[in-house]
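Okay, structure first, notes after.
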Amino acid sequence: MKTKVIISQEEIDKEYKKLFDEAESGGYHLNPDVEFTKALVEGLLVNTKRYGYPACPCRLASGDKEKDLDIICPCDYRDPDLNDYGTCYCGLYVSEEVVQGKKKISSIPERRKKAMEQKKSKENFNDGGLTYPVWRCKVCGYLCARDNPPEVCPVCKAKKERFERFI
């Protein structure tokens, strides 16, 4: 039987502010529904105390950090979900369109199962190539390997359209 983890409002408020500041400085946005967002922050804190790492509160963590690396917040699926749906799976992070009220949040499909299946098939196949395209910020030269460029460069804060496919 698991012991119930108690998180104080002070801990939630402190972690919320930290996540908010980190998100905004990195070109991301937390969900503007503060009550909902703080409930997610509480879940992250519970998982941190329970497992030793902030597993996404909307997914089942195994308790094995190596197996859960992809769902440690911010998870591997955040950016593709933001690009495709305007929100990450749990709704903690949202796009600028959502913050501005130009886009509504709706439920989104879970990517993890498909990603795990693709990972297994890639482990058995090595073509010597890259898994993801590499994007370069034309302003500062920042490089990142992922399906799409980030909404905002984490270094110079240039917008997505200032990225070019590098490789």
Condition check for residue 93: under 21 Å from residue 150 (Cα atoms) and touching a Phe, Trp or Tyr at 6+ places or on another chain (Cβ under 7 Å): yes
Unique residue being basic (Lys, Arg), free of Cβ contacts under 8 Å to residues at least 40 places away in the same chain, buried (at least 16 other Cβ atoms within 10 Å of the Cβ) and within 23 Å of residue 30 (Cβ to Cβ) when the list is 111, 162, 136: 111
Residue in the stretch 45-57 that is more than 20 Å from residue 105 (Cα to Cα), polar (S, T, N, Q), modelled with pLDDT of 95 or more and assigned by TED's automatic domain parsing to the domain that holds residue 106 present: yes
Near pairs, Cβ below 9 angstrom, 6+ apart or cross-chain, from the stretch 73-90 (farther than 14 Å from residue 43 by Cβ) to any residue that is buried (at least 19 other Cβ atoms within 10 Å of the Cβ) and among the polar types (S, T, N, Q): 81/87; 82/95; 83/95; 85/95; 86/95; 87/31; 87/95
Residue tally, condition crowded, with 21+ Cβ neighbours inside 10 Å and either over 9 Å from the mean Cα position of the chain (by Cα) or of a type in the set (Asp, Glu) (or both), over the stretch 65-85: 1
Selection from the stretch 1-33 of residues that are of a type in the set (Ser, Thr, Tyr) and surrounded by 14 or more Cβ atoms within 10 Å (Cβ to Cβ): 16, 28
Any chance residue 117 is out of contact with any Pro (no Cβ under 9 Å at 6 or more places or on another chain) and not hydrophobic (A, V, I, L, M, F, W, C): yes
All positions within the stretch 1-53 that are small (Gly, Ala, Ser) and on the phi < 0 side of the Ramachandran plot: 8, 23, 25, 26, 39, 43
Listing of helices (runs of 4 or more DSSP H) fully contained in the stretch 67-167 that carry 1 or more residues being out of contact with any helix residue (DSSP H, G or I) (no Cβ under 6 Å at 6 or more places or on another chain) and farther than 23 Å from residue 16 by Cβ: 78-85, 112-123
Of all residues making up the stretch 34-62, the number that are surrounded by 14 or more Cβ atoms within 10 Å (Cβ to Cβ), outside any helix (DSSP H, G or I) and not aromatic (Phe, Trp, Tyr): 7
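The values are calculated or read from the model by the stated rules, or taken from the named source; none is laboratory data. Being a predicted model, the structure only gives us computed values, none of them experimental. All Cβ positions, even for glycine, are placed from backbone atoms using ideal geometry, and neighbour counts span all protein chains on display.
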